[in-house]
Amino acid sequence: MTDGSGRAAFPPAPTGLGALSAIEIMAGYRRKAFTPRDVVDDTIAALEATNEACNAVVTPMYEQARADADRLTKEMRAGEAKGPLAGVPVTIKDLVFVAGVPAYAGSPMNKSFVPEADASVVSALKAAGAIITCKTTTCESGYKLTADSPVTGITRNPWNPGRTSGGSSGGAAAGVAAGCGPIAIGTDGVGSIRVPSSFCGVFGLKPTFGLVPRSPGFSPPSWASLAHTGPITRTVADAALTLEIIAAYDLRDAASLPVSARRFDTNAGRLDGIRIGASADLGYAAVSPDVCAAFGKALAILDSCGAQVTMDGPGLDSGILEHTLKPIAFTEQAAAVATKTTADLASSEADYRNVVSAGRNYTGTDYIEASYRRGQARSAFVKLFERVDVLVTPTVAVTAFEAGQIGVGKIDGREVDPHLGWSPFTWPINLAGLPAATLPCGFDRDGMPIGLQIVAPWLDEPTIFRIAAAFEQAQPWAKFWPQVALR
């Protein structure tokens, strides 16, 4: 991976323990090189510094984290600590419930709400020994692809605080990118894990719909048929380890899949025999020249790793945003606040109120007709995966834009929907419920990260990890650090 910004190819890494991967932290514990309290103290220091620059934290949980670290330190010294993530710091997006901790979900309407139960993913992480350090920022109800909200203000990008982090899991991605712990939990309804991970230069995975349960807490239940929960990390191995822990069946979630425990191989190897279909624009998307150039270089790397790369895609309807996604997504957003009045929504952002209003104006017929078209899109992916093993695309059509904006309205001279039109590669995958990951594949002319998206058939996360591990070995992105991390 090359850096076209003129920055040193491999700038120095942060010295704090929070910048280590989960695998490295666990190895350090085994060597007795440091303790959970050492790691948590360094991670909190990194969070405080990053929050000052980027506004990534909504609710600190530092005192509890220190207490958990002290307990685990004692247990490790006594040889009693257990769990695959024992002593590893983790952050949780503020749409996901942590018992006893406020869950604002970016909305002033939730200012007094404190959930009584952990979300299933949080319970799994706690059982694995992970230490939760904070709740991270999100936009209101996860409705847009930045993390700005009336509760927290603007969340910024650690590569350039003048640019957006992306969202809605923006605080999660910014924290991981800046070395504030190796693992963050995000959610993704139209791209909310992959967009900020792409903008912040980290690895983000949206698992197959239903593989990671959302119950009993996901607030509010926006993007009901679209939202996935998954990990944001700096390395492929950390994401695989996290997914092994949080993927489980939970009867409380009607969408939860009754699959057995899974293990993932992230040993890098050749990609011989892997058929990759590649599309730079899905046949209709406007894409920036810098993103196109990085995508072309990424395809060459995949080819050099042994994959068989052909230009192919699902052949989606060019009207999929207006006629399929919006009637479903906006209606589900409106349903999430169906009991709220105009007065209740007065403190919400104008753009959010517009989305809710649009959702309330769609009819039941509109929603069902869009669901039929959604089925056609799903069928297009079924046919695609008869020809290829995975699809690769750019993750986002642009790189991080000015902080505080909802999006961009024009790409390479073409007008696009400023809300969702600049991320045409992410939300079709939510409509289909497919697993998809983003991995860093380069930088634009301003030194901002660019992401490569890998999309696999349902429940084929192993192939995503196989390809991502090979790419990671060929282009080790974790050696690149944003300036905010160089404390």
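What follows draws every value from the coordinates through simple rules; no lab data is involved. In this text the structure is predicted, and so the values were computed from the model without any measurement. So basically every Cβ, Gly included, is an ideal-geometry build from the backbone, and we count neighbours across all protein chains shown.
Annotations for the structure displayed:
- Simple label model, 7 Å out from Cα along Cβ direction - Ala127 to Phe113, nm: 2.6 nm
- If you take all other residues with their beta carbon under 10 Å from the beta carbon of Lys126, and give Lys and Arg +1 and Asp and Glu -1, the sum is -2.
- Relative contact order of the range 17-485, pairs being alpha-carbon contacts under 8 Å that are 6 or more residues apart, as %: 18 percent
- Loop trypsin sites (Lys or Arg not before Pro), the range 202-277, which have at most 16 other Cβ atoms in a 10 Å radius of their Cβ (DSSP): Arg252, Arg262, Arg263, Arg270
- Placing dummy labels 7 Å off each Cα toward the beta-carbon, the span from Asn267 to Glu52 is 4.5 nm.
- Cα Rg, Dmax (largest Cα-Cα span) when computed across the chain, Å: 20.6, 64
- Within the shell of other residues whose beta carbon sits under 10 angstrom from the beta carbon of Thr399, the net charge comes to -1, with Lys and Arg scored +1 and Asp and Glu -1.
- Couplings for the range 195-203, taken from phi via the Karplus curve 6.51 cos²θ - 1.76 cosθ + 1.60 with θ = phi - 60°, read 5, x, 5, 5, 5, 9, x, 10, 8 Hz in order; Gly and Pro are left as x.
- For the chain, size of Cβ-based charge dipole, Lys and Arg +1, Asp and Glu -1, in debye: 620 debye
- With contacts taken as Cα pairs under 8 Å and at least 6 residues apart, the range 93-183 reaches a relative contact order of 25 percent.
- Chain lengthening between Leu459 and Glu80 when straightened (0.36 nm per residue, less Cα-Cα): 132.9 nm
- Ile183 long-range amide H proximity, modeled H, under 5 Å: Thr91
- Residue among Asn157, Gly319, Leu211 farthest towards the positive dipole end of the chain, charges placed on Cβ: Leu211
- Computed from backbone phi, the HN-Hα couplings of the range 21-30 come to 6, 4, 4, 5, 4, 4, 5, x, 5, 5 Hz, rounded to whole numbers (Karplus: 6.51 cos²θ - 1.76 cosθ + 1.60, θ = phi - 60°; Gly and Pro given as x).
- All aspartates and glutamates inside 17 Å of Lys144 as judged from Cα atoms, apart from same-chain residues fewer than 8 positions distant: Asp94, Asp188, Glu322, Glu332, Glu349, Asp351, Glu402, Asp417
- Ranked packing of 93-99, 355-361, most packed first, by mean Cβ within 10 Å: 93-99, 355-361
- Selection from Ala173, Thr463, Ile328, by position along the positive dipole direction of the range 17-485 (Cβ): Thr463
- Across the range 182-292, C-alpha contacts under 8 Å between residues 6 or more apart give a mean separation that, scaled by the residue count, equals a relative contact order of 26 percent.
- Cα-Cα over 30 Å, subset of Lys135/Lys297; Lys326/Lys383; Lys206/Lys479: Lys135/Lys297
- For Asp253, Asp188, Asp42, order by how many other beta-carbon atoms lie within 10 Å, fewest first: Asp253, Asp42, Asp188
- Linear extension gain, Asp317 paired with Gln64, 0.36 nm per residue minus alpha-carbon span: 86.1 nm
- Secondary structure note: in the range 17-485, about 70% of the DSSP beta bridges are antiparallel.
- Projecting label points 7 angstrom from Cα along Cα→Cβ for Val259 and Thr363 puts them 3.9 nm apart.
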